[in-house]
Amino acid sequence: MTAFPARLQPLFNETKTVCFSHFTVDVPPSATIVYGPASIEAPIEYYPGEADKLEKHVAERLLEIEKDREFLAQEDVVSHPLFGKVIDGNRPGNKIAFGSKNQVGYDLYSFFAVGDSLFIQTLYSVLEHEEAIAILNSVAHRLRLRADNEIPHEAGSCIDGAFVPSPLQYEKVAIGIRLKEFPDVHFSVEVHKNQNRIPQFSDLETRLKGAERDGGNWYSRVKFFRRGSRQIGDWKGSEALALKPAQEDGKEAHEFHFISLGAPNDPLQPQLDIQLDTGANERQMGAVKPSLTDEEAVALWDKLTGSIRLRPIGGKKTSKTPLTSAVATGGICPESGWWQCDDDGVIEGDRRKRVVVGEVMPHATKLGEQGLWQKLKGNRPTYQAATVWKLAEYDEAPVLPGSDRA
């Protein structure tokens with residue numbers, strides 16, 4: 001197993017667990033978490049410490065709504081009698097304002113305070129307004145505040161500053177991770193619950209083939225460290241780990257990507273989109289020279305992606321991790337025992353490894369393609385690859401890290 005790079009090791013001597021949607025990820029204690037836009041049935045915004053500004057936000061929204069009144073024809077005024085009106089929601093202090101930008105249905109804006117924080121939810125809808133109000137009322141009634149370090153043990157979705165219990169018809173949550181020690185490194189995760197069908201032509205390989213077709217000479221100089229199928233937890237998808245050459249307005253930089261299309265109508269297996277960039281600043285990618293080497297960037301990617309997992313529900317941990325449980329390379333081993341991978345191309349003697357609880361799940365050794373000289377010499381190159389390990393057999397007796405594995 002390739003040693004974890006020395007410069008990154010201090011970052012992960014300890015970690016903190018971060019909650020997003022139904023999932024968690026382990027990050028360095030010094031990392032900054034930036035939540036992106038969230039939708040819980042409809043887009044929702046979080047304003048910490050602004051509960052006392054609820055009426056101010058309502059008034060500002062009504063001014064924006066009135067700007068659209070001139071686009072309403074007389075028949076629209078008749079069919080939209082609530083336009084510009086404000087009603088009470090079902091939570092104390094909750095206000096729901098009505099507008100319309102398309103003259104077809106209402107745009108509804110829900111304002112509600114929880115503790116000292118304010119949440120604003122927007123629903124652009126062609127639904128009957130009674131149904132739309134019911135959706136907004138449901139979220140406002142169930143949402144509760146959540147501390148940054150709180151990992152709920154009930155089914156539901158973690159968003160910035162809050163938690164909303166299940167069931168939810170529609171969910172979309174995104175987070176970004178910024179490392180104090182390497183400020184040019186941007187890592188992001190987005191999960192998006194599918195409805196009744198999986199989107200077509202949005203998988204990573206389709207995108208890459210389009211880039212190959214249209215990228216010309218620049219794309220031919222992209223260096224890939226890994227490209228192909230990968231599984232992270234229950235997500236089967238594709239990843240591409242690349243070093244992009246410099247462009248006119250940008251420097252050479254890493255861009256790593258994993259996409260899984262997930263499963264239809266399953267909150268525990270939504271679309272998963274993960275990306276890591278180096279050389280970034282707040283305005284653009286490739287703005288500065290990357291602070292990580294190629295080896296460090298790949299190791300960091302495997303470490304972070306390997307820790308993404310379903311948030312435990314119920315609060316009680318079983319005495320043993322169930323057999324066939326899966327953990328990706330870079331994740332933390334939850335149970336001492338024999339772990340097995342079944343990836344194509346893995347050297348037979350490397351398919352099964354004994355790993356101790358608390359250790360980092362290893363890479364697998366795969367056979368590479370032979371060059372002409374290697375064919376003549378009868379040699380076959382090997383390389384280390386991320387994989388998914390499944391628990392095949394428990395240890396009969398407890399094993400301590402660093403003990404003899406023979």
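The values are calculated or read from the model by the stated rules, or taken from the named source; none is laboratory data. Note that this is a predicted model, so its numbers are computed, not measured. Counting neighbours? That spans all protein chains shown, and the Cβs are built from the backbone with ideal geometry, glycine included. For the accessible areas, the whole protein counts, side chains as well, though only heavy atoms, and no ligand, DNA or RNA atoms are used. Shrake-Rupley method; radii C 1.70, N 1.55, O 1.52, S 1.80 Å.
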Is it true that some residue in the stretch 19-37 is at pLDDT 90 or above and acidic (Asp, Glu)?
yes
Of those in the stretch 194-208 that are touching a Leu at 6+ places or on another chain (Cβ under 8 Å) and surrounded by 13 or more Cβ atoms within 10 Å (Cβ to Cβ), the residue nearest to Gln269 (Cα to Cα) is Asn194
Which one of these is touching a residue at least 24 places away in the same chain (Cβ under 8 Å), among the basic types (Lys, Arg) and either at positive phi or not in a loop (DSSP other than H, G, I, E, B) (or both): Lys172, Lys180?
Lys172
List every residue pair whose Cβ atoms sit under 6 Å apart, with the two residues 6 or more apart in sequence or on different chains, where the first one lies in the stretch 51-73 and is within 13 Å of Ile96 (Cα to Cα) and the second, anywhere, is open to solvent by 30 Å² or more (accessible area, probe 1.4 Å) and of a type outside the set (Gly, Ala, Ser).
Val58/Lys95
Going residue by residue through the stretch 331-342, is there one that turns out to be open to solvent by 80 Å² or more (accessible area, probe 1.4 Å), part of a loop (DSSP other than H, G, I, E, B), at pLDDT 75 or above and acidic (Asp, Glu)?
yes
Residue list for the stretch 1-44, filter: touching a His at 6+ places or on another chain (Cβ under 9 Å), surrounded by fewer than 16 Cβ atoms within 10 Å (Cβ to Cβ) and not hydrophobic (A, V, I, L, M, F, W, C)
Thr2
Hey, among the residues in the stretch 143-165 that are exposed (fewer than 14 other Cβ atoms within 10 Å of the Cβ) and touching a residue at least 60 places away in the same chain (Cβ under 8 Å), which one's farthest from Asn90 (Cα to Cα)?
Asn149
Could we say that Ala134 is assigned to a loop (DSSP other than H, G, I, E, B), closer than 30 Å to Ile175 by Cα and open to solvent by 50 Å² or more (accessible area, probe 1.4 Å) here?
no
Top-ranked residue of the stretch 229-264 - restricted to ones that are surrounded by fewer than 14 Cβ atoms within 10 Å (Cβ to Cβ) and under 22 Å from the mean Cα position of the chain (by Cα), ranked as nearest to Cys341 (Cα to Cα)
Ser229
